[in-house]
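Have a look at the structure below before the remarks.
The values are calculated or read from the model by the stated rules, or taken from the named source; none is laboratory data. What you see is a predicted model; the values in this text were computed from it and never measured. Cβ coordinates were reconstructed from backbone atoms using ideal geometry, including for glycine residues, and neighbour counts include every protein chain displayed.
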Amino acid sequence: MESSEARRKRVVEILRILRELYPHAKLALAFSNPLELLIALILAAQARDELVNSVTSTLFSQYRRAADWVAIPEEQLQNELQKINFYRNKTRAIQKACRALLDRFGGKVPDRLDDLLSLPGVGRKTANIVLGNAFGQSAIGVDTHVGRVSGRLGLTAQTDPDKIEADLLVLVPEPDRVSFCHLLQAHGRAVCTARNPGCAGCNLRDLCPYPTRSSPSPPTSGI
Ligand code: SF4
């Protein structure tokens, strides 16, 4: 049984290796202010980040304030978002969230967790990603990559994202929390993929208890 101290040390080593592997790791969603990030995150639910970025690159230059998003006729916004799945629900979610920003926060995205969570359709993942990436706060937003890779690395035995977040908050040093998420996202895309983790060639192999770690490597010809 690994002690908490040993696990924390392992996290530091994992961070060191991943930083070498992905020195430019960052959030894949494009944004230039907290409102854009909030909207991009709503759109990114079960959608590819690249697709979201291609759609928002035009929209963010047209609609800059929460009031702009509220003022767009719903049908028009649906049309503008129709390349993205669940675009009708997402249209409503964006407009409700922006309406709440106008009603309660002067049109600004708040920088407190509780305030963000009070917005319609905003859960802990979105709130933490906004806090970490748009406001520079120490926060862990558990998306699909962070949840999956943390589990395989034995940093959590939980499957509920809120509980995964609680486990990671204990293990990941405060200044590293946002970059930890970026690094796990990068590794989750490049190597530790959902269906077929590349354990045989993974630089974290010696630090990872995932069962396939011990599966035999493919035979080398001539040996
Ligand atoms: S060893 Fe396998 S499960 Fe562990 S981090 Fe690497 S790819 Fe993922």
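Worth a mention:
- For segment 162-198, the set of residues classified as among the charged types (D, E, K, R) and either in contact (Cβ under 8 Å) with a residue 12 or more places away in the chain or away from the ligand (no atom under 15 Å from the Cβ) (or both) consists of ASP162, LYS163, GLU165, ASP167, GLU174, ASP176, ARG177, ARG189, listed by residue number.
- Taking every residue in segment 138-150 that is under 16 Å from LEU18 (Cα atoms) and within 16 Å of the ligand (Cβ to nearest atom) and pairing it with any residue that is of a type in the set (S, T, N, Q) and outside any loop (DSSP other than H, G, I, E, B), at least 6 positions away or on another chain, the pairs with Cβ-Cβ distances below 7 Å are HIS145/GLN185; VAL146/GLN185.
- Scan of segment 1-14 for residues that are surrounded by 17 or more Cβ atoms within 10 Å (Cβ to Cβ) and not charged (D, E, K, R), ordered by number: VAL11, ILE14
- Single condition LEU155 does not satisfy, out of (1) assigned by TED's automatic domain parsing to the domain that holds ASP68; (2) in a loop (DSSP other than H, G, I, E, B); (3) crowded, with 22+ Cβ neighbours inside 10 Å: (1)
- Pairs where the first residue, in segment 87-98, is assigned by TED's automatic domain parsing to the domain that holds LEU43 and the second is crowded, with 18+ Cβ neighbours inside 10 Å and of a type in the set (Phe, Trp, Tyr), C-beta under 8 Å, 6+ apart: ILE94/TRP69; GLN95/TRP69; CYS98/TRP69
- Considering only residues in segment 27-58 that are more than 22 Å from VAL142 (Cβ to Cβ) and among the β-branched types (Val, Ile, Thr), the one that is surrounded by the fewest Cβ atoms within 10 Å (Cβ to Cβ) turns out to be THR58.
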